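Data first, discussion second: the structure below is written as structure tokens.
The values are calculated or read from the model by the stated rules, or taken from the named source; none is laboratory data. As the structure is a computational prediction, the values presented were derived from the model and not from experiment. Because the Cβ atoms are built from the backbone with ideal geometry, glycine has one as well, and the counts that use them run over all protein chains shown. Heads up: the accessible areas ignore ligands, DNA and RNA and are worked out on the full protein's heavy atoms, side chains in. Shrake-Rupley method; radii C 1.70, N 1.55, O 1.52, S 1.80 Å.
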Amino acid sequence: MIRLILVRHGNTFETGQIAVQIGARTDMPLTEKGRKQAGDIARFLQMEQIHPAAIYRGPLKRQIETAQIIGKPFRLEGIAESVLTEIDYGTWEGLEAESIRSKWPSEYSEWAASARWAERIFGGDHPLPAIERWIDHLKKTHQSGDTIIGVSSYGLIRYFYALWKNHWDFLVSKKQIETLKVKTGHFCELLLLEDGVEIRKWNESPQSILTA
């Protein structure tokens, strides 16, 4: 069994800024709060006496910096992994949610509630096949008992839940995919088993654990 801790990068918008849809085309750095959130992940790992065997991260600034901050206490460099890049949101990139809803009501509703891939909107391929290949690679590369960290972004992270197929299919059927939202600086814990993947934790706050 290998434990995979998926981390959503820290904040990229300052307090008071209007948040817009950002994906693979928008390379924003972390804010001061975002850097603190990454530090909280590192402190949580230390408190839990978890020493990662490796840290993987996507190629965007917000993902790289989050991985650097998490890895520093463990003297680990983040390993570049293209599969962890955020989704390319195509024509939605840089728009506010309300604007997207008004211009593409059907596509946005199906994307938000049921994770239906908006082929005519997004640039690139559906990410799930690449995620499945990466999980197989991790199982072959790492030893049972290892804990590894993956730093990515929310749009992509939620497709890792699809590896727990029956649970994913239920949420899709009930149009409840929005319940899988992972906040900035939060993490998820997956167990990579020989015969599949099990989700142990989802959208966990390191701050709440550190201050408990």
(message) Just to verify a result, which residue in the stretch 149-190, among those that are touching a Lys or Arg at 6+ places or on another chain (Cβ under 8 Å) and open to solvent by 10 Å² or more (accessible area, probe 1.4 Å), is farthest from His51 (Cα to Cα)?
(response) Lys181
(request) Output the number of residues of the stretch 1-32 satisfying the condition of being without any contact (Cβ under 8 Å) to a residue 40 or more places away in the chain and out of contact with any Lys or Arg (no Cβ under 9 Å at 6 or more places or on another chain). (result) 5
(request) Could you run through the stretch 151-180 and say how many residues are assigned to a helix (DSSP H, G or I), farther than 14 Å from Leu191 by Cβ and of a type outside the set (Val, Ile, Thr)? (result) 15
(request) Report, by residue number, each residue of the stretch 42-86 that is surrounded by fewer than 23 Cβ atoms within 10 Å (Cβ to Cβ) and in contact with a Ser or Thr (Cβ under 8 Å, 6 or more places away or on another chain). (result) Ile50, His51, Pro52, Ala53, Pro59, Thr85
(request) Go through (1) open to solvent by 80 Å² or more (accessible area, probe 1.4 Å); (2) in contact with a helix residue (DSSP H, G or I) (Cβ under 8 Å, 6 or more places away or on another chain) one by one and return the number of the condition Pro127 breaks. (result) (1)
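Scan Ile209, Ile199, Ile131, Ile148 and give me the residue that is hydrophobic (A, V, I, L, M, F, W, C), in a helix (DSSP H, G or I) and within 14 Å of Leu4 (Cα to Cα).
Numbers: Ile209 fails: within 14 Å of Leu4 (Cα to Cα); Ile199 fails: in a helix (DSSP H, G or I); Ile148 fails: in a helix (DSSP H, G or I).
Every option except Ile131 fails the conditions.
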(message) Please count how many residues of the stretch 87-116 are surrounded by fewer than 17 Cβ atoms within 10 Å (Cβ to Cβ), touching a residue at least 12 places away in the same chain (Cβ under 8 Å) and of a type in the set (Gly, Ala, Ser).
(response) 5
